[in-house]
Amino acid sequence: MEKQNTKKIITLSFLGAAILSYLVVNVIFRALAGSFGPVARLYDQDWASNGFPIVAALIVFSYLQFNAKVVGWAEDVVIEVSKVVWPSGRDTFALTVVVTIFCLVSAALLMGIDFIAKNIVQFIIQ
């Protein structure tokens, strides 16, 4: 895989991690605001309710993007994933059909065993 594409993939992945951290901090801040009065007053301020999650996201993105060890690890991950041989659409469809049939057969078998067990228990109780 080209070095430029690898860098783009890594940057987008780190951006996704930053967005996820924004959402997590936002939810935690909202939950704390519902539980504690001082946090609720702070959360009512727009600069705090939007600022803290944004700052957390920027910190996460900066840490990931500018840490040489993390970038090296991410490059290794992208290179290894690019070596994976993905199944074709036809193979995926065939395996989906096999799994669906197996689930239906298993469900029918369990339903039959349950029906027999229920009748045995009812016969014993009566």
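Here are the numbers for the structure shown:
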item: Criterion: surrounded by 13 or more Cβ atoms within 10 Å (Cβ to Cβ), among the small types (Gly, Ala, Ser) and either modelled with pLDDT of 95 or more or more than 30 Å from Val24 (Cβ to Cβ) (or both) - qualifying residue of Ala48, Ala57, Ala107; result: Ala57
item: Of residues in the range 86-101 being part of a helix (DSSP H, G or I) and of a type in the set (Gly, Ala, Ser), the one modelled with the highest pLDDT; result: Ala94
item: Residues (among the aromatic types (Phe, Trp, Tyr) and under 10 Å from Ala18 (Cβ atoms)) located in the range 51-70; result: Phe61, Tyr63
item: Residues satisfying the stated conditions in the range 1-30, i.e. surrounded by 17 or more Cβ atoms within 10 Å (Cβ to Cβ) and touching a Pro at 6+ places or on another chain (Cβ under 9 Å); result: Ser21, Tyr22, Val25, Asn26, Phe29
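The values are calculated or read from the model by the stated rules, or taken from the named source; none is laboratory data. Model, not experiment: these values are computed from the prediction. Note: ideal-geometry Cβ built from the backbone for every residue, glycine included; neighbour counts use all protein chains shown.
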